[in-house]
Amino acid sequence: MTVISPSKTTPAEGKPTGGSRTRPGKLAESGSPTVRPPAAAHLSDEQVAELGRELDAIRDEILGKRGAADAAYIRRVIKIQRGLEISGRAALLVSKNKAAWVTGTTLLSLAKILENMEIGHNVLHGQWDWMRDPDIHSTTWEWDFVTPSRSWQHTHNDLHHRWTNVVGKDNDVGYNLLRMDEQQPWKPINLANPLFNAILAPLFEWGIAIYDLELTEFKEGKKSKEALLKDLKALGKKVVTQFTKDYAATPAVAMLTGSGKQALYGTLTANAVRNVWAHAVIFCGHFPEGTDTFTEEMAEGETRGDWYIRQMIGSANISGSKFMHIMTGNLSHQIEHHLFPDLPSNRYAEVAPKVREICQRYGLKYTTGPLLKQVGSTWGKIFKLALPGKTATA
């Protein structure tokens with residue numbers, strides 16, 4: 001059987017181009033998975049193949065449109081983000097004044113959210129590699145997050161996006177901490193599901209950093225000691241960089257105005273705000289009621305069309321304003337992002353109506369809702385799955 005990779009193009013060896021990087025696992029050129037997900041069981045192999053071709057056409061259309069306007073967009077966002085960060089840190093230097101503290105903390109929080117979501121996440125997906133700008137490239141960007149970019153790209157780009165919501169393959173289902181699906185066996189420790197999640201939210205970057213070490217894989221012998229030590233060394237360097245910037249340099253300079261303690265509290269608060277926001281956006285895109293999870297059989301032998309279907313019914317969107325979309329990194333269009341992780345994020349709003357129409361025409365659900373609804377739905381599932389015998393409804 002002929003196979004193809006999730007992305008249609010493969011970069012020249014040694015010259016990665018971001019979203020088109022080869023990912024582990026292969027997709028069948030024809031046929032069907034061992035078991036098609038229940039939500040797509042009504043579709044024939046021919047219909048799935050046609051759906052795949054329609055989505056490929058949407059992707060190709062956007063690829064053909066990329067140009068100066070897109071490049072100007074990301075450069076403008078980066079300029080705004082850096083302005084917010086400089087202004088925020090400057091205000092914190094005199095944050096003994098309460099108004100300056102509130103202003104500085106707010107600006108720095110916005111800067112960190114913007115860098116993490118609309119810039120860092122999307123640059124690291126290779127969405128802007130086509131610009132050939134060495135300063136805005138997936139192989140050179142290091143984001144304002146504790147986990148090193150390369151470690152995150154492996155667990156997120158290579159694994160999560162290939163095996164989205166496949167229990168046993170995608171460890172993002174619960175991050176090895178939470179029970180987020182009834183397929184995961186219940187254990188007494190799962191009673192602490194809500195508590196663990198409440199702790200995880202303000203410390204999200206640290207949770208992801210630990211998760212990216214793949215300690216479970218190491219314990220199971222799937223990851224070598226050498227690889228773990230390499231990742232630990234990279235994480236250690238990143239921790240030193242982040243601590244120096246946020247908890248040493250800024251407070252130290254602020255001490256000259258008697259604002260050292262206030263500046264430290266300001267940077268701590270800004271990181272916590274960013275973490276809570278990132279946690280909410282990510283969880284709302286993957287875990288609210290209406291999103292499906294899958295068995296390994298449902299991914300075995302899947303075609304590109306089947307892979308597309310799994311991304312659509314396994315993800316959820318957040319409705320809202322243009323500003324909200326930007327501050328989520330356009331991950332409020334999580335369905336479109338999972339379909340086309342290498343397309344520029346500013347194009348997802350343009351793609352979304354076409355994807356939704358395809359879902360309706362093929363009888364597939366398109367899960368979306370306002371932020372508060374999705375947050376409530378996600379927390380509801382977390383509480384339900386904390387208890388034995390409780391299952392989340394589809």
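Here is a yes/no grid of residues against (1) among the β-branched types (Val, Ile, Thr); (2) within 21 Å of the chain's Cα centre (by Cα); (3) closer than 17 Å to LEU200 by Cα:
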residue: VAL281; (1), (2), (3): yes, yes, yes
residue: CYS284; (1), (2), (3): no, yes, yes
residue: GLY290; (1), (2), (3): no, yes, no
residue: THR293; (1), (2), (3): yes, yes, no
residue: GLU302; (1), (2), (3): no, no, no
residue: TRP307; (1), (2), (3): no, yes, no
residue: ARG310; (1), (2), (3): no, yes, no
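Examine region 150-170 for a residue that is at pLDDT below 95 and of a type in the set (Gly, Ala, Ser), and state whether such a residue exists. Within region 150-170, one or more residues are at pLDDT below 95 and of a type in the set (Gly, Ala, Ser). Checked against the criteria, LEU195 counts as assigned to a helix (DSSP H, G or I) and open to solvent by 80 Å² or more (accessible area, probe 1.4 Å). If the condition is being open to solvent by 10 Å² or more (accessible area, probe 1.4 Å), farther than 22 Å from GLU29 by Cα and among the polar types (S, T, N, Q), then region 292-324 contributes THR293, SER319, SER321.
All of GLY389, GLY369, GLY380, GLY314 fail the test of being out of contact with any helix residue (DSSP H, G or I) (no Cβ under 7 Å at 6 or more places or on another chain) and under 17 Å from THR164 (Cβ atoms), apart from GLY314. Being open to solvent by less than 10 Å² (accessible area, probe 1.4 Å), touching a Leu at 6+ places or on another chain (Cβ under 9 Å) and either assigned to a loop (DSSP other than H, G, I, E, B) or not charged (D, E, K, R) (or both), is that true of even one residue in region 367-381? For region 367-381, residues open to solvent by less than 10 Å² (accessible area, probe 1.4 Å), touching a Leu at 6+ places or on another chain (Cβ under 9 Å) and either assigned to a loop (DSSP other than H, G, I, E, B) or not charged (D, E, K, R) (or both): absent. Within region 102-117, being within 16 Å of HIS156 (Cα to Cα) and not hydrophobic (A, V, I, L, M, F, W, C) holds for one residue alone: ASN116. Does VAL94 count as of a type in the set (A, V, I, L, M, F, W, C), at pLDDT 95 or above and out of contact with any helix residue (DSSP H, G or I) (no Cβ under 8 Å at 6 or more places or on another chain)? So VAL94 fails the test. A Cβ distance below 7 Å, combined with a sequence gap of six or more or placement on separate chains, defines the contacts here; from region 186-213, residues that are over 20 Å from ILE113 (Cβ atoms) reach residues that are of a type in the set (Phe, Trp, Tyr) and not in a helix (DSSP H, G or I) in the pairs TYR211/TYR175. The set of residues in region 253-300 being assigned to a loop (DSSP other than H, G, I, E, B), modelled with pLDDT of 95 or more and among the charged types (D, E, K, R) consists of ASP292 alone. When region 122-135 is filtered for residues that are open to solvent by less than 10 Å² (accessible area, probe 1.4 Å) and touching a residue at least 60 places away in the same chain (Cβ under 8 Å), the ones remaining, listed by number, are ASN122, HIS125, GLY126, GLN127, TRP128, ASP129. Of all the residues in region 255-274, those that are more than 18 Å from GLU85 (Cα to Cα) and β-branched (Val, Ile, Thr) number 1.
The set of residues in region 181-232 that are of a type in the set (D, E, K, R) and within 22 Å of ASP170 (Cβ to Cβ) comprises ASP181, GLU182, LYS187, GLU205, ASP212, GLU214, GLU217, LYS219, GLU220, LYS222, LYS223, ASP231.
Inclusion of ALA100 among residues that are surrounded by 13 or more Cβ atoms within 10 Å (Cβ to Cβ), at pLDDT 95 or above and hydrophobic (A, V, I, L, M, F, W, C) is warranted. Count of region 148-168 residues, restricted to those that are buried (at least 19 other Cβ atoms within 10 Å of the Cβ) and part of a loop (DSSP other than H, G, I, E, B), is 7.
Inside region 341-365, can you point out the residues that are open to solvent by 40 Å² or more (accessible area, probe 1.4 Å) and either under 30 Å from ALA68 (Cβ atoms) or not in a helix (DSSP H, G or I) (or both)?
Residues satisfying the conditions are ASN346, ALA349, GLU350, PRO353, LYS354, ARG356, GLU357, GLY363, LYS365.
Residue count for region 246-279 under the criterion of being without any contact (Cβ under 8 Å) to a residue 60 or more places away in the chain, under 24 Å from the mean Cα position of the chain (by Cα) and surrounded by fewer than 18 Cβ atoms within 10 Å (Cβ to Cβ): the result is 1. Take GLU217 and decide whether it is within 30 Å of LYS26 (Cβ to Cβ), in contact with a Lys or Arg (Cβ under 6 Å, 6 or more places away or on another chain) and assigned to a helix (DSSP H, G or I). Yes, satisfied. Find all pairs meeting these conditions: Cβ atoms under 9 angstrom apart; at least six residues apart or on different chains; first residue within region 328-349 and farther than 20 Å from GLY369 by Cα and of a type in the set (A, V, I, L, M, F, W, C); second residue assigned to a helix (DSSP H, G or I) and open to solvent by 10 Å² or more (accessible area, probe 1.4 Å). Partner pairs satisfying both residue conditions: PHE340/ILE58; PHE340/ARG59; PHE340/ARG347; LEU343/ARG59; LEU343/LEU63.
Test GLU182 against the criterion of being within 30 Å of ASP306 (Cα to Cα), under 24 Å from the mean Cα position of the chain (by Cα), surrounded by 14 or more Cβ atoms within 10 Å (Cβ to Cβ) and not small (Gly, Ala, Ser), and give yes or no. Judged against the criteria, GLU182 is a match.
The values are calculated or read from the model by the stated rules, or taken from the named source; none is laboratory data. Note that this is a predicted model, so its numbers are computed, not measured. Heads up, the Cβs are rebuilt from the backbone with ideal geometry, glycines too, and the neighbour counts pull from every protein chain shown. In case anyone asks, the SASA skips ligands and DNA or RNA and just uses the protein heavy atoms, side chains included. Shrake-Rupley method; radii C 1.70, N 1.55, O 1.52, S 1.80 Å.
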